[in-house]
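Reading through the structure tokens given below for one structure.
The values are calculated or read from the model by the stated rules, or taken from the named source; none is laboratory data. Remember, it's a predicted structure, so these values are computed and weren't measured experimentally. We place every Cβ from the backbone using ideal geometry, glycine too, and count neighbours over all the protein chains shown. Please note that ligands, DNA and RNA were not included when accessible areas were found on the heavy atoms of the full protein model with its side chains. Shrake-Rupley method; radii C 1.70, N 1.55, O 1.52, S 1.80 Å.
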Amino acid sequence: MNRVTILCVEDEPEVRDALVRDLDAFAAVFRIEAAEDAEDALTVVQECAAARDPIGLILCDHMLPGKLGADLLVELKDKPETAPARKVLVTGQAGLEDTIKAVNNADLDHYIAKPWTREALHDVVRKYLTDYVIDEIDDLLPYVSLLDGPRLLEAQKDRSPHE
Amino acid sequence: MSSDDNKATGYAIICVDAEPDALAALRHDVGEFCGPRMDVHACASAEQALALVEELATAGIRVALILTEQILPGISGVDLLLAFRERPETRATRKVLVSTGMDVLDLSRALNAGALHRTIGKPWTCEGLGDCARSLLTSFFVHHAPHECDRFKDLLDANQFPRAFATARHQQRAANLHIKTLTQSFLANMDMSDEEVENALGAGIDEALGEPPQQHHPAGSILLRQGEPADTIYVLVSGNVQLSRTAHGREVVLHEHAGGRIIGLLSLARRQRAFYTWRATTDITVLPLSLERLEAALQTNPVLSGYLVTSLIRTMAARSKRTAKLLVEVEDLNGKLRGERDQLANILQLLEDSQAQLVESQKMATLGQLSAGVAHELNNPTAAIQRAADFIREDLGTLLEELPDGDKLAAAMRSALTREPLSTAEQRKRRAALSRLVGDDALAQRLVKAGIQTPEEYRSSFGRSSGKKRDRLLDRLERYHQLGLSLRNISTCSKRVIAIVDSLRSYTRADETPVADVNLHEGLEGTLLMFSHATREVEFVKEYGDLPPIECHVGEINQVWTNIVSNALQAMHNKGILRIETDAPDADHVRVRIIDNGPGIPPEDLDRVFDLNFTTKQGHANFGLGMGLTICRQIVAHHGGTIEAASQPSRTCLTVVLPVRSQLGSNGG
Amino acid sequence: MTRTAGRSNPVTGSTMTRGRWIGLAVAAAAFTVPCVVEFPGLSVEGHRVFSIFLAAVVLWITEAVPLHATATIIIFLEILLVSDKAILATPEGFTPPSYRTFFATLAAPVLMLFLGGFFLAHGAAKFNLDRNLARVFLRPFGTSSRMILLGLIGITAVFSMFMSNTATTATMMAVVLPIIAQLPPGDRMRTGLALSIPIAANVGGMGTPIGTPPNAIAIGALSQAGINLGFLQWMLMAVPFVLIILAVVWLLLGRFYGFAGKTITLSIDSTFNTTRQAKIFYVVFAGTILLWLTEGIHGMTSSVVGFVPVVVLLSTRVFSSKDLQSIQWHVLWLVAGGIALGVGVGKTGLDGWLLGLIQWGEMSPVAILAMLSVVALVLSTVISNSATANLIVPLAMTLSVSEGITISPIVAAVFVAIGSSLAMALPISTPPNAVAMSTGAVRTKDMVVIGALVGAFGLTVFLLFGQWFWSAVGVLP
């Protein structure tokens, strides 16, 4: 299939449901996967790798059972499968120190505070997925209608066959 | 030790001091004076200096000047100068003692052996040091390397040249002649008192010069000012003179009465500017004496030289003594200051600690009030949310009966409401199975969203229908299942808000009166119930003994269990075995032990687990739980009980012992 | 933030899929047909080139390997099989062309013309000239939706004459997307706007020699035959027809997509780059186009002029080596492959044999041209325009000079190029169409209807008036 995947890591089922549902708009083009803890997230990463679906965006809660989201992001940054993925912390609880850690060590791209609004979430997801596909994917046309179209088209200029 | 290219100049200056700062300053100041014209070497010890001399000697470099501190590790400064004097290649080297702690014996030792040309006190002035160096270098070159005088003339005192050149030979002869008389008279003077020596000197001068005119100065007048060129000496006939010196913009009185009767001789002898300011403290009578006149007097009566030298040495000795005394006083004062500073620091630390404690306890009190208020305010909206979710559910059920395929839609909604939520891993597994069945991953994803999770459910929902018809039904099922899911999430979450509110209220119930006859097991069970949602993988082993009912604040004690269990579960990562044991060690006490098989607390941390802000949870701060074991200890102590922690890998035990009859009644709430 | 910029993901399609393996297998099979079957009347060397030709047809249609890779395969196989450095003995009586001839196609003069075009296009994007010009040129069109549509069509077409159709579409679509986003879903105008850009780009591309690769292929083939078609001459031949077609497109879209009586507000935020480098580029840009249009005065052929921006921009350091690397060299190689194929087909007599299969002499010139351009149109609707032109232009050229036929080679070559460019009925027909589809504002049905109408109309106009007009303006002897 080779669909770019959005991975949501969130331990509370209700919050996870809400997050995944708010991402429905992207489901037409992207694969959306949810994981309930760090271990499960790593399993999803493996499954995606096996299906050759690259992970484009990771939305991660901070207070995960047994591990902090910031630490998980640091770990994922060091894996080749998830290194290029854009990383967003979705949390109500990460302190300044943890956030700085994630920014410095995990290339954290963004920080969404809970509770989020759908518009804000979509803006963030759209922006970072656009960044990701421009950097990592050759053919940008499938993403024009869902993501930032003008930016993708500008980037596509140099890539399409020259006719 | 510098190893600059010495060949360039052929002459070197050596500075010796054990104190790195002083050495650096000395070297810097000397360097400032002579510039690149001469190599300045710095040595930290006499041994080093001697080794350096070897080295320089082989390189054909002469040491023109050495400045050394007296107090050195190993060989002392004076001994170093003596050693220099012994060596043929450094015999001519001009030798200076730069020192704070000089002692007459040492000084005379060096002086007598001809191994001391000057002394410089610490702190020195750049100017004074420069003058000294200039004058010594001049004499060095004039006497031992006259051919080089031209080359170094900007370092030398040209005024000294002609006379020095002219008189060098004559002086040598005269000196040889004098030395004999001088030594003799000096030795003869040893038994005389200071006064006798001074009187003899005064009388001798009077006699030699024929009653020279005396000067009278009122009290407060200044005879010599620090830094001014000294070309005259004064013999104090009557009255008192005070010696002071200005350093760091402050005038310090150094010698009162101790100045001796001959004023300015030292400066004059060294052809330096006045080191002290001489101020009359009473009306004085002095006998001014220019150098020429002094010289004339000495010529007339060579014995005078002996008196002069004796007087000089005694003056210096008196001053040295005074200096040493001052130094000891300064050291004493410093010690006192240090003590006071340490004391102040201790007091400051104490203040900071108690302030932190105060802030912490105020924070706790404010937190208590705040959370009680918040808890109360949250109750109403939460209750309304929970009821509204139930109402929507009932009404939807009724409405669905009227719709086509209503039973299927109702089932889809019900399944969302009742079904045990699956782990994300299980969800993916089921989706994969469905995907294999329908051959389309996107469709499988939609099926899962519609609550259809197994092939059987798929068949019962859609039978053999496919294509558009299936899609339309799937679309509706999806919506109703999601609706059910949202309703359930509203219910679950509002229940959690209520649980949080409850735990907040019990936490703030601190000021209620003690309740007698409390069964601790009830509180423990209630606490475990609160954690049941997060502890599916934890096995609880309860060994309850027979406990008498005890008198306590039930809310506070429950808070203790909550905190301990919460900590334990966190340490176990919500996985493993949690043991709860209760017994009554004696008739007046009950004991509760909560034991987890988590990784354990390192011994070095064990002492700190009851400290405020210590947590092994990496900043995890659940509201009401974050203060953790600190609160537990406060509560237990408040009840007159004890709490202890013991830990080894896979066994951490928190033991709480409570009295059956608490002392709460007596100390109030 | 720095990340590994290497785009090497599975999504990029850099791996061999099953379809591609099948394509390769079919190409190999096609290659072996002339090896085992002996065609009467075809020489031994003709058989060899026929193998290459068939394999190239399959590879260009299936895209089992990239288009430019196919071009390199053609050049390589021709050298191995029919050059003076062939590894198989060439038959007696056949003078094999020097292997240099085939390598030289990689630097054919027309490629220099195209390279110049690429430099101008790359610079326009680099210094944001395209966006700025779009802003300036669109302003006079006001806010009436029909006028805006006209402006968009006109500017897109003009840009597309000097930049690649795809880059033009991407630039202009980025301008149009915000307008589309403002319109309510279901508004027909969304479709109309999104459709106007690729069509105008495809049509506009026909306007100059550097507008699109088929034009270059036609010019390249002509120059191999010793015919020099100048820049201005080409424009004289094509631009009037382009204008007519665009006018019809405007009327069509304006009428059927609800543009009447509505207003649109355009806002393009960009400012002219006024750095020294940008200013140099503006001068070079204008100067180069001026030189192309005044070939008759100074006598420098368009290929030589094409090398002017290359020399000036590189030596003034306006373009760095990085800019040089980002030039789409693969397109040049694709064109080179086509020229090489033409050389092989011509030198071995394969062309004559192929054409001999049909009784051309019985057909009227217009019918022959119609057939050539319709074949080009249909083929390039499903495969790349350039590949189509590569395959058909050599045959058309040969046909025009064969006995009993009175068609100018210029006409034959230009018709094939135009036929290839007018194919725009399917999303896969041209990259601009794919860009339009990606916006989600266009349904395939709309594209098929409008694209087919424009293609059919355009071809008809060319067939009816082309030769007459070209003779009238003196391009044809």
With the requirement that a residue be away from every other protein chain (no Cβ under 11 Å) and not in a helix (DSSP H, G or I), what does the range A:111-148 give you?
A:Tyr111, A:Ile112, A:Ala113, A:Lys114, A:Pro115, A:Trp116, A:Thr117
Which numbered condition trips up C:Ile153, out of (1) open to solvent by less than 10 Å² (accessible area, probe 1.4 Å); (2) touching a residue at least 40 places away in the same chain (Cβ under 8 Å); (3) facing another protein chain (nearest Cβ under 10 Å)?
(3)
Which one of the conditions (1) at pLDDT below 95; (2) farther than 21 Å from C:Met397 by Cα does C:Ala200 fail to meet, given that it meets all the rest?
(1)
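Do you know which residues across the range B:271-294 are assigned to a loop (DSSP other than H, G, I, E, B) and over 58 Å from the mean Cα position of the chain (by Cα)?
Hits for the range B:271-294: nothing passes.
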Could you identify the single residue in C:Gly451, C:Gly440, C:Gly474, C:Gly455 that is open to solvent by 40 Å² or more (accessible area, probe 1.4 Å), over 23 Å from C:Leu355 (Cα atoms) and in contact with a Ser or Thr (Cβ under 9 Å, 6 or more places away or on another chain)?
C:Gly440
Among the residues in the range A:3-21, are any assigned to a strand (DSSP E or B), of a type outside the set (A, V, I, L, M, F, W, C) and more than 9 Å from chain B (Cβ to nearest Cβ)?
yes
For the range B:481-505, which positions are more than 14 Å from chain A (Cβ to nearest Cβ), open to solvent by 20 Å² or more (accessible area, probe 1.4 Å) and out of contact with any His (no Cβ under 9 Å at 6 or more places or on another chain)?
B:Ile498, B:Asp502, B:Ser503
Select from the range B:555-582 the residues that are free of Cβ contacts under 8 Å to residues at least 40 places away in the same chain and of a type in the set (Val, Ile, Thr) and write down the one among them that is surrounded by the fewest Cβ atoms within 10 Å (Cβ to Cβ).
B:Ile577
Can you go through C:Ile87, C:Ile74 and tell me which one is of a type outside the set (Asp, Glu) and in a helix (DSSP H, G or I)?
C:Ile74
Which listed residue is buried (at least 23 other Cβ atoms within 10 Å of the Cβ), away from every other protein chain (no Cβ under 14 Å) and out of contact with any Phe, Trp or Tyr (no Cβ under 8 Å at 6 or more places or on another chain), from C:Arg20, C:Arg48, C:Arg100:
C:Arg48
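For every residue, the table says whether it meets (1) surrounded by fewer than 12 Cβ atoms within 10 Å (Cβ to Cβ); (2) at pLDDT below 70; (3) in a strand (DSSP E or B); (4) assigned by TED's automatic domain parsing to the domain that holds B:Thr300.
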{"residue": "B:His178", "(1), (2), (3), (4)": "no, yes, no, no"}
{"residue": "B:Glu195", "(1), (2), (3), (4)": "yes, no, no, yes"}
{"residue": "B:Ile205", "(1), (2), (3), (4)": "no, no, no, yes"}
{"residue": "B:Tyr234", "(1), (2), (3), (4)": "no, no, yes, yes"}
{"residue": "B:Leu243", "(1), (2), (3), (4)": "no, no, yes, yes"}
{"residue": "B:His255", "(1), (2), (3), (4)": "no, no, yes, yes"}
Listed residues C:Met147, C:Met173, C:Met235, C:Met189; which is aliphatic (A, V, I, L, M), in a helix (DSSP H, G or I) and within 14 Å of another protein chain (Cβ to nearest Cβ)?
C:Met173
Inside the range B:536-548, the number of residues satisfying the requirement of being closer than 18 Å to B:Val660 by Cβ and without any contact (Cβ under 8 Å) to a residue 40 or more places away in the chain is 3
Residue that is most open to solvent (accessible area, probe 1.4 Å), among those in the range B:408-429 that are basic (Lys, Arg) and within 13 Å of chain A (Cβ to nearest Cβ)
B:Lys429
So the helices (runs of 4 or more DSSP H) completely within the range C:295-389 holding 3 or more residues that are within 24 Å of C:Thr70 (Cα to Cα) are C:329-347, C:350-356, C:365-382
Tally of residues being more than 9 Å from every other protein chain (Cβ to nearest Cβ) and open to solvent by less than 20 Å² (accessible area, probe 1.4 Å) across the range A:22-40
4
Could you go through the range C:338-349 and let me know if any residue there is within 14 Å of chain A (Cβ to nearest Cβ), at negative phi and out of contact with any Cys (no Cβ under 8 Å at 6 or more places or on another chain).
yes
Does B:Pro585 count as modelled with pLDDT under 85, more than 14 Å from every other protein chain (Cβ to nearest Cβ) and open to solvent by 20 Å² or more (accessible area, probe 1.4 Å)?
no
Being in contact with a Leu (Cβ under 8 Å, 6 or more places away or on another chain), over 28 Å from C:Gly474 (Cα atoms) and not assigned by TED's automatic domain parsing to the domain that holds C:Thr90 narrows it down to one of C:Leu372, C:Leu355, C:Leu399, so name that one.
C:Leu355
Meets criteria (away from chain A (no Cβ under 14 Å) and assigned to a helix (DSSP H, G or I)) for B:Ser460:
yes
I'd like the full set of residues that are over 15 Å from the mean Cα position of the chain (by Cα) and not in a helix (DSSP H, G or I), limited to the range C:429-467.
C:Thr439, C:Gly440, C:Ala441, C:Val442, C:Arg443
Being assigned to a strand (DSSP E or B) and either open to solvent by less than 40 Å² (accessible area, probe 1.4 Å) or touching a Gly at 6+ places or on another chain (Cβ under 8 Å) (or both), is that true of even one residue in the range B:16-25?
yes
Conditions (1) more than 20 Å from the chain's Cα centre (by Cα); (2) at pLDDT 90 or above; (3) within 16 Å of C:Met371 (Cβ to Cβ); number of the one not met by C:Val416
(1)
If you check every pair at least six apart or on different chains, which have Cβ atoms under 7 Å apart with a residue in the range A:63-83 that is more than 25 Å from B:Lys575 (Cβ to Cβ) first and a residue that is surrounded by fewer than 18 Cβ atoms within 10 Å (Cβ to Cβ) and modelled with pLDDT of 85 or more second?
A:Lys77/A:Ala83; A:Glu81/A:Ala49
Candidate set: the range B:430-450, residues that are within 19 Å of A:Val44 (Cα to Cα) and more than 12 Å from chain A (Cβ to nearest Cβ); chosen: the one surrounded by the most Cβ atoms within 10 Å (Cβ to Cβ)
B:Leu434
